[in-house]
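Below is one structure, written out as C-alpha cells; the observations come after it.
The values are calculated or read from the model by the stated rules, or taken from the named source; none is laboratory data. In this text the structure is predicted, and so the values were computed from the model without any measurement. Accessible surface areas use protein heavy atoms only, side chains included; no ligands, DNA or RNA. Shrake-Rupley method; radii C 1.70, N 1.55, O 1.52, S 1.80 Å.
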Amino acid sequence: SCTHKSLRNDTGGPELGPAMGEDDVPHADIELDSGAEPGEFKSRLLSLLRRLLPEWADVRDIAAEPITGGITNELTLATPTAHAPGSREGDETRRRGGGEEGRVEPVVVRVFGNGTDAFLDRAAENRAVRALNARGFGATCLATFANGRVEEALTRLRPMTPAEMPTPGGAAAIAGAMA
C-alpha cells in the first residue's frame with residue numbers, strides 16, 4: 001500500500017533522507033501548505049522532493065504549475081528547471097520511467113485538502129492507489145508526506161473531452177482501457 005510507518009519526525013535537523021513506508025515508498029513527516037505565498041511554497045516543495053526522491057537530489061530549481069480541476073486536493077506539476085553544476089545528469093539512476101537518459105522527470109504533488117480527512121480515509125485511498133498501480137493503472141505513487149502524495153506525471157497523456165466520451169471511438173477507448 002501507499003501508507004507509511006512513521007519512522008521519524010521532521011525536527012528541522014540535517015537532511016537524512018526519507019523514512020520508508022510499508023512497501024518501500026519513501027515518506028517524510030512534513031506538511032506542505034498549498035496556501036503559502038508562492039515563493040515559499042515552491043521552496044518547500046523543492047526541499048520535499050529533494051528529500052523524498054533520490055533522482056531529485058541535484059535539482060536546484062523547479063517550475064511549480066498548479067493543475068486545476070481538483071475537488072478535494074491541490075495539485076501541482078513540479079518540473080525541474082536547473083541542476084547543480086557538475087551533477088551526474090547522465091547517470092542511469094537519475095531517470096524515472098521512460099524518460100530521456102539523465103532527465104529528471106516531472107512529478108505531480110497532491111496536497112490533501114484541509115479537513116478532508118474527516119470524510120475521506122486517506123490510508124484507504126493510498127492502499128487503493130497502490131493496488132491499482134500494481135495492476136498497471138493510474139499514476140504511480142512515488143512517495144508520501146504528512147498531508148499528501150507525490151505521483152508520476154502522466155505528461156504524454158491527455159484527458160478525453162466531454163464531447164469525445166459519448167462517441168463510438170471514445171466509448172471503445174474507454175472499454176478497451178477497462179478490459
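Rank these residues by their accessible area, most exposed first, probe 1.4 Å: Arg156, Arg103.
Working: Arg156 170, Arg103 95 Å².
Per-residue accessible area, sorted high to low, gives Arg156, Arg103.
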Express in Å², to the nearest 10, the accessible area of Met165 obtained by rolling a 1.4 Å probe over the protein heavy atoms while all chains stay in place.
90 Å²
Note the full-extension length gain between Ala173 and Ile67 as 0.36 nm times their separation in residues minus their Cα-Cα distance, in nm to one decimal.
35.7 nm
